[in-house]
Amino acid sequence: MKAIVITEAGGPEVLQLQEVESPKIKDDQVLIRVAATALNRTDTLQRQGMYTLPKGDSEFPGIECSGVVEAVGKDVPRWKIGDQVCALVGGGGYAEKVAVPAGQVLPVPPNISLQDAASFPEVACTVWSTVFMMSHLSQGETFLIHGGSSGIGTFAIQLAKHHGVKVFVTAGSEEKLAACKELGADVCINYKTEDFVSRVKEETAGKGVDVILDNIGASYFQRNLESLSIDGRLFIVGFMGGTTTEINLASLLAKRLTVQAAGLRSRSPENKAMIVNEVEKHVWPAIAAGKIEPVVYKRLPLEEAAEGHRIMESSKHIGKIILLVP
């Protein structure tokens, strides 16, 4: 089969389409003939040699995909050959075929194309497992999303609005803020021209927001704490602004704040399967009902993976970038 190979650590040009050995499935896995895969920041870090692969993961990039089941392990009762699915994968999504633990596979939601379904697994599992399962975001609360126009951001806006939450977002251009507004964001803040702490305080009568989803990390940490209400929860899912910072711990105590952080890829297959099961129960019905739609910035052929990485690293995209596999 053909797959995108990281020929050496470096820029997007190191991504090359090559002939590689097809994966073999274990008894609890399914083999998916990939229709599409979606790009994630993890892929760019892996390409640069800045990401340690979890044990057992494929060396090829790509942590989500959609496609058709081509083979099924003997211990897999649910899936059948020919099923249209999407999945959270441990690498290998940038390929014609990928082997996936059966518990990480989801049906393609009704009214969603097979290709666009590739845009859902990573963002759905990330947002549901963090903001809802761990930070317990609930109806009537306020929620700040940094990077509102990202793949995670565009999904989180829609899911939060579906749950009756007031949504605040930050983004770096008027075009991105307009896209967030169209998806349902209530308060849109240009972080390049406005101080998000001041705007949050202004919009909440000085109270702050209940939950923050943050992909920036160190450079926003203290300001995030200042933006939270009493009993507020900060969830960190990325470190685009660094991993080391100094903070004033007094605000944590005074406002009874909770700080959490988690990734998805490093979790065990059992933990991922539990999250996928929860997502199918709680998120898939909202997609089926048309409350959440895929936000796809660009669809490129698999061999143009390098161009996809260039777009992602330029941060000019809104939503997801998808690679189509012939």
Original post:
Considering only residues of region 253-266 that are under 18 Å from the mean Cα position of the chain (by Cα) and either at pLDDT 95 or above or open to solvent by less than 50 Å² (accessible area, probe 1.4 Å) (or both), which is farthest from L228 (Cα to Cα)?
Top reply: R265
**OP:** Evaluate the following for S113: is it over 22 Å from V69 (Cβ atoms) and modelled with pLDDT of 95 or more?
**Re:** no
Original post:
Do we have any residue at all in region 285-296 that's more than 20 Å from A38 (Cβ to Cβ) and open to solvent by less than 60 Å² (accessible area, probe 1.4 Å)?
Top reply: yes
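Rundown of residues vs (1) more than 30 Å from E194 (Cβ to Cβ); (2) touching an Asp or Glu at 6+ places or on another chain (Cβ under 7 Å); (3) outside any helix (DSSP H, G or I), yes/no style:
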{"site": "I81", "(1), (2), (3)": "yes, yes, yes"}
{"site": "V85", "(1), (2), (3)": "yes, no, yes"}
{"site": "S113", "(1), (2), (3)": "yes, no, yes"}
{"site": "E122", "(1), (2), (3)": "no, yes, no"}
{"site": "L144", "(1), (2), (3)": "no, no, yes"}
{"site": "I157", "(1), (2), (3)": "no, no, no"}
Original post:
Are there any pairs, at least 6 apart or on different chains, whose C-beta atoms fall under 6 Å, with the first in region 47-71 and open to solvent by 10 Å² or more (accessible area, probe 1.4 Å) and the second part of a helix (DSSP H, G or I), and if so, which?
Top reply: Y51/L45
Subject >> Evaluation of K281 against (1) over 30 Å from E13 (Cα atoms); (2) under 17 Å from the mean Cα position of the chain (by Cα) (one fails), failing number >> reply: (2)
Original post:
Taking region 168-180 as the search range and keeping residues that are within 18 Å of E141 (Cα to Cα) and not polar (S, T, N, Q), which one is surrounded by the fewest Cβ atoms within 10 Å (Cβ to Cβ)?
Top reply: F168
Subject >> Residues satisfying the stated conditions in region 288-326, i.e. in contact with a Phe, Trp or Tyr (Cβ under 8 Å, 6 or more places away or on another chain) and among the β-branched types (V, I, T) >> reply: I292, V295, I311, I318, I321
**OP:** Kindly provide the set of residues from region 54-82 that are among the aromatic types (F, W, Y) and closer than 18 Å to S22 by Cα, ordered by number.
**Re:** F60
Original post:
Does region 235-252 hold any residues that are touching a Leu at 6+ places or on another chain (Cβ under 6 Å) and either closer than 12 Å to T142 by Cα or buried (at least 19 other Cβ atoms within 10 Å of the Cβ) (or both), and which are they?
Top reply: F235
**OP:** Considering each of V197, V165, V211 in turn, give the residue that is farther than 16 Å from G319 by Cβ, under 18 Å from the mean Cα position of the chain (by Cα) and open to solvent by less than 50 Å² (accessible area, probe 1.4 Å).
**Re:** V211
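The values are calculated or read from the model by the stated rules, or taken from the named source; none is laboratory data. This one's a predicted model, so the numbers in the text were calculated from it and none came from an experiment. Please note: Cβ atoms are built from the backbone with ideal geometry, for glycine as well, and neighbour counts cover all protein chains shown. Protein only, heavy atoms only, side chains kept; ligands, DNA and RNA dropped before computing areas. Shrake-Rupley method; radii C 1.70, N 1.55, O 1.52, S 1.80 Å.
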